[in-house]
1. Mind listing whichever residues of the range 156-179 are more than 15 Å from Ile139 (Cα to Cα) and assigned to a strand (DSSP E or B)?
2. Residues in the range 183-194: is at least one buried (at least 17 other Cβ atoms within 10 Å of the Cβ) and modelled with pLDDT of 90 or more?
3. Keeping to the range 215-257, report how many residues are under 22 Å from Asp287 (Cβ atoms) and in a strand (DSSP E or B).
4. Given the conditions (1) free of Cβ contacts under 8 Å to residues at least 60 places away in the same chain; (2) in contact with an Asp or Glu (Cβ under 8 Å, 6 or more places away or on another chain); (3) buried (at least 17 other Cβ atoms within 10 Å of the Cβ), which single one is not true for Pro145?
5. Looking at Val106, Val153, Val42, Val123, which one is closer than 30 Å to Ser187 by Cβ and not aromatic (Phe, Trp, Tyr)?
6. So which pairs qualify, if the first residue must be in the range 53-80 and touching a residue at least 12 places away in the same chain (Cβ under 8 Å) and assigned to a helix (DSSP H, G or I), the second must be surrounded by 16 or more Cβ atoms within 10 Å (Cβ to Cβ) and not charged (D, E, K, R), the Cβ gap must be under 8 Å, and the two must be at least 6 apart or on different chains?
7. Can you say whether Ile203 is in contact with a Ser or Thr (Cβ under 8 Å, 6 or more places away or on another chain) and closer than 30 Å to Pro145 by Cα, as far as the supplied structure shows?
8. Got a number for residues in the range 74-108 being surrounded by fewer than 18 Cβ atoms within 10 Å (Cβ to Cβ), more than 30 Å from Val169 (Cα to Cα) and of a type outside the set (D, E, K, R)?
Amino acid sequence: MSAIVRLIVSNWPLKLTALGLATVLYMGVAISQSTQTWSGPVTIEVMNPPAGGALLSDPGVVDRIEFQAPDGVAAALTNDSFRASIDLRSVQPRPGATTVEVPVRVYPVDPRVRVVSYEPTGVVVQVDEVVSQVIPVTIEHGPVPEGIEVGPVSVEPALARISGASSRVQNVRSVGGHFVIDASGISIDEEVELEAYDEVGAIVPGVDVEPRSARVKVAVARQLAYGTVPVIPELVGEPAHGMRVDNVSVVPATVTVSGESSDIRQLDSLTTEPVDISGQSVELVTDAPLVLPDGITTNGEPSVSVIVTFTEAVGSRRYEVGTSLTGVQPGYSYRLGVPSVDVILSGSVRQLDELTPDQLEADIPVADLQVGDNEVMPVVEAPRGTSLVSITPESVTVTVTAAP
């Protein structure tokens, strides 16, 4: 025990001086890093937003930060010297905007700065479930100048998908846009930006619209006229071999169009985009878009249904057919003036194409002929499904002589 006492009191003047110096240094450091206040504001950032959720409320700012820092560091601080954030990874989004309080985290960018306290330490946020739905697109125009007539509005696409927080999407009553009718009477063909509107016509914020715009076409004229014209389908290609077009019909057969009076008076019909019938042999039913001249629009769908039916093609063929004597009598000899005749048959093209001359025969009946020259009409039997059109020549000369 006495050894410990001797150790403490030995060299006490030197130890007392060291203790005083340490106390002075500590007080200097403490004074140089005294607690200071930063009044911000520092924007609160959102970290790890929940999947399928939408943050409705702004987390706000941190407006008071108590910190300690060396004087030289503290003098150079700015709002960017601090970061404030909230973490939403554990927040479960629910329909109707869930209200939840989450802690705020504040940290300095410079490690020489130490944050002592800050306000607020927590904020209340609203997290809503993200939903989507498809609704029709409605395009409206402003006032129509005097003396201007406007035709039907054509919009492409006709539907749009909206998505966003459920509490906001449920307020959407329409998706649409606006365009202006010019007094010059120039027809409209432009892209119109789409927005989501509530029941009083105000834009609903925070709702995404896809697509962002729609193509709008409107016939605008000083003297707008209407007319009903027939539709003529344009067919291209050839049907299957041996087939031909039997009947072509269009539904609807006529369409109502609108445009400037002079253009309507010159329009006597409309055609369709080409309808390909290549290789077809059975009924063909297809939709064909209409070919509309500039400045002309339809009051209904810009397409028609085209129905094409087919049947076997009918034609005729010429065949060179060899002659054959029938009814030859003993004791006589016969000499023909020609060895063959030309036969023309009619029937289906496919059957005529398959028929060869060696399948035909021209019979020359000689049983009742007299000695000398005789004119005899050839006899040709047309195959089943075909018809005999003509035989050339119509008669052949047969010379009959008696045997010695």
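The values are calculated or read from the model by the stated rules, or taken from the named source; none is laboratory data. A quick note: this is a predicted structure, and the numbers were derived from the prediction, not measured. Quick reminder, even Gly has a Cβ in these numbers, built from the backbone with ideal geometry, and neighbours come from all protein chains shown.
1. Selection gives Arg161, Ile162, Ser163, Gly164, Ala165.
2. yes
3. So the count comes out to 20.
4. Single failed check for Pro145: (3).
5. Values: Val106 fails: closer than 30 Å to Ser187 by Cβ; Val42 fails: closer than 30 Å to Ser187 by Cβ; Val123 fails: closer than 30 Å to Ser187 by Cβ.
Step by step, each of Val106, Val153, Val42, Val123 is checked, and only Val153 is closer than 30 Å to Ser187 by Cβ and not aromatic (Phe, Trp, Tyr).
6. Pairs that qualify, where the first residue is touching a residue at least 12 places away in the same chain (Cβ under 8 Å) and assigned to a helix (DSSP H, G or I) and the partner is surrounded by 16 or more Cβ atoms within 10 Å (Cβ to Cβ) and not charged (D, E, K, R), are Val73/Val113; Ala74/Phe67; Ala74/Val113; Asn79/Gly40; Asn79/Val42.
7. Values: in contact with a Ser or Thr (Cβ under 8 Å, 6 or more places away or on another chain): no; closer than 30 Å to Pro145 by Cα: yes.
Judged against the criteria, Ile203 is not a match.
8. 5
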